[in-house]
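Only one structure is covered here, and it is reproduced in the block below.
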Amino acid sequence: MKEIDALVVGAGAVGISTAYHLAQEGASVAVIEKESGPAMHQSGRNSGVIHAGYNPKPGSLKAEYCVEGNRQLREYCQDRGVPIREGGILIVARSDPEMMVIEELASRGRANGTDIRVLGEDEIKDVEPHTHGIGALQAIEGASFDSRAYVHALAGDASNAGASLFYDSKVRSIKESGKAVTVNTAKGRFMAKVAVNAAGLYADELADELADDMRVIPFRGYYAELSPAKTPLVNSHIYAAPDLNFPFLGVHLSKRTDGRVIVGPGAMLAFGREAYDFSSFKGGGLGKTLGWPGFYRMMMRSEFQSLARTEVKKSLMLRAIAKEAIQLVPELEARDFVRSYAGNRAQLVDRQGNLVDDIVVRETARSVHVLNAVSPGLTCSLPFGKQLAEQALSKL
Ligand SMILES: Cc1cc2nc3c(=O)[nH]c(=O)nc-3n(C[C@H](O)[C@H](O)[C@H](O)COP(=O)(O)OP(=O)(O)OC[C@H]3O[C@@H](n4cnc5c(N)ncnc54)[C@H](O)[C@@H]3O)c2cc1C
């Protein structure tokens, strides 16, 4: 194959956004994806929330891309006819300690430039009449969108701008020599001046020794959903005040663009990187996860152990998710919940057992590796992909 400017591995939101921005800049670019289409993993199995930017710590990459990405993504969905449902996010406090979390999130949101309001008990009812709390944070710019439709639309735009997309092509390795990079796939070799690794749950494996000190550990998020008769009890998004050590966890009720209300997710170790049910080991890697020193150290941390117990319960028992959700919407009953889908989160864990909280990108002379496209990676994807494209272009 003739050498092109850039190869992007992975047709999730991050890879497709990178390819789109590269093509827009006039670079010749090809996306190589192992599945038969885009958004088959994290970018198609998630909560579908356009986050507003009150969670990430000010100064973090996540904060910068989330706030900018929120505005760009909402505009993109409107322009391109991608299903979107505006309505804001409500984070509800049910106790004084939770109210302190709300105040911390409000201060982060203000520092990040997010449009937020702190509501008293009575004002909550104006936004979500069936929710109960002593106070809440309302993030006006939060919304729902159809993430799969978004990545498909962006893939179409990338293709129209000149990008080529190759599906059913699993990348085995990325090798650099001199001024070229070779990407070996099950279907043959591709050569380019630069490669971008946006392989999500497998990004650490393709980064090889560049990711020696970190490992992707897949956490499976299980969702329940409300029976159709109960969906009118939720207007938009209702979140419990999170544990600030693990803000990506905690139950929320979210009205999707199709009107269904998803509840969850729980989070537990997935037995394979693409294993989406209890008995599956699909995607492999369990042995490597269990043998990773960082996994052992993470499991030994006391705050993680108590959290793991709650999260495993929420993943295994529908009534454990229901119990948390009923605290947010007391009119619900256990029988109103049914099991729904699951998605696996690529969580980077370092050798010391810390869950890496911010986006991590590492580079060599001819490659850019996205090691931690951590949540809210969909919301971040437009400005983040633009930045990755710029990093790749600087190597041409
Ligand atoms: C349960 C859950 C809920 C979430 N909710 C939200 C939310 O509401 N809002 C939000 O903003 N973010 C959310 N996120 C985070 C968001 O989904 C991710 O940050 C984002 O989708 C990451 O995109 P990505 O392109 O990096 O990865 P992915 O979407 O996983 O894409 C990686 C692609 O690489 C391909 N690939 C992997 N290995 C190879 C290989 N060897 N060769 C070729 N192709 C390969 C995969 O098949 C895949 O298509 C959630 C995540 C999860 C798991």
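Of the trypsin sites (Lys or Arg not before Pro) found in region 142-219, those in coil by DSSP whose Cβ has at most 16 other Cβ atoms within 10 Å are LYS170, LYS179, LYS187. With K and R counted +1 and D and E -1, the other residues having a Cβ less than 15 Å from that of HIS21 yield a net charge of -3. Any aspartates and glutamates with Cα under 20 Å of the LYS386 Cα? List them, leaving off those in the same chain fewer than 8 positions away. Reachable aspartates and glutamates: ASP5, GLU25, GLU33, GLU64, GLU68, GLU75, ASP79, ASP157, ASP358, GLU363. Mean separation of Cα pairs under 8 Å and 6+ residues apart, divided by the residue count of region 63-123: what relative contact order is that in percent? So the answer I get is 29 percent. Normalised by residue number, the volume inside the convex hull of the Cα atoms of region 147-189 is 105 Å³ per residue.
Here the chain carries DSSP beta bridges of which approximately 75% are antiparallel, counting only pairs with both residues inside. Helix 147-160 and the longest principal axis of the C-alpha atoms of the chain enclose an angle of approximately 30°. For MET214, the shell of other residues with beta-carbons less than 9 Å away shows a net charge of -2, using +1 for Lys and Arg and -1 for Asp and Glu. Please determine, in degrees from 0 to 90 and to the nearest 10, the orientation of helix 13-24 with respect to the longest principal axis defined by the Cα atoms of the chain, where the helix direction is its Cα long axis. It works out to around 50 degrees. When you restrict to C-alpha pairs under 8 Å that are six or more residues apart and normalise by the size of the chain, the relative contact order lands at 24 percent.
Within the listed set SER60, SER17, SER306, the residue fluctuating most in the Gaussian network model of the chain (springs between alpha-carbon atoms under 10 angstrom) is SER306. Rounded to the nearest 10 degrees, the angle from helix 61-80 to the longest Cα principal axis of the chain is 90 degrees. Across every pair of non-identical alpha carbons in the chain, the mean reciprocal distance, once inverted, gives a Kirkwood radius of 21.4 Å.
Rounded to the nearest 20, the size of the Cβ-charge dipole of region 1-68 about its Cα centre is 280 debye, with Lys and Arg at +1 and Asp and Glu at -1.
Put a plus charge on the Cβ of each Lys and Arg, a minus charge on the Cβ of each Asp and Glu, and nothing anywhere else: the dipole of the chain about its Cα centre is then about 1240 debye.
When the Cα positions of HIS51, GLY385, PRO129 are compared along the charge dipole of the chain, GLY385 comes out farthest toward the positive end, with charges on each C-beta of Lys, Arg, Asp and Glu.
Along the chain, the longest continuous region that contains none of the chymotrypsin sites (Phe, Trp or Tyr not before Pro) in a DSSP loop with at most 16 other C-beta atoms within 10 Å is 1-166. Comparing mean-square fluctuations of VAL261, VAL31, VAL356 from a GNM of the chain with C-alpha springs under 10 Å, the top value falls on VAL356.
Taking other C-beta atoms within 10 Å as the exposure proxy, ASP122, ASP115, ASP358 rank ASP122, ASP358, ASP115 from fewest upward. Among ALA143, SER164, GLY178, which residue has its Cα furthest toward the positive end of the charge dipole of region 132-207, with +1 on Lys/Arg Cβ and -1 on Asp/Glu Cβ? Ranked along the dipole, the leading option is GLY178. Calculated mean residue ellipticity, 222 nm, the chain: -10500 deg cm²/dmol, from DSSP H runs (n ≥ 4) at -39500 (n - 2.57) each, averaged per residue and rounded to 500.
None of the figures in this text is laboratory data; all of them are computed from the coordinates on show. In this text the structure is predicted, and so the values were computed from the model without any measurement. Note that we place each Cβ from the backbone using ideal geometry, even for glycine, and neighbour counts take in every protein chain shown.
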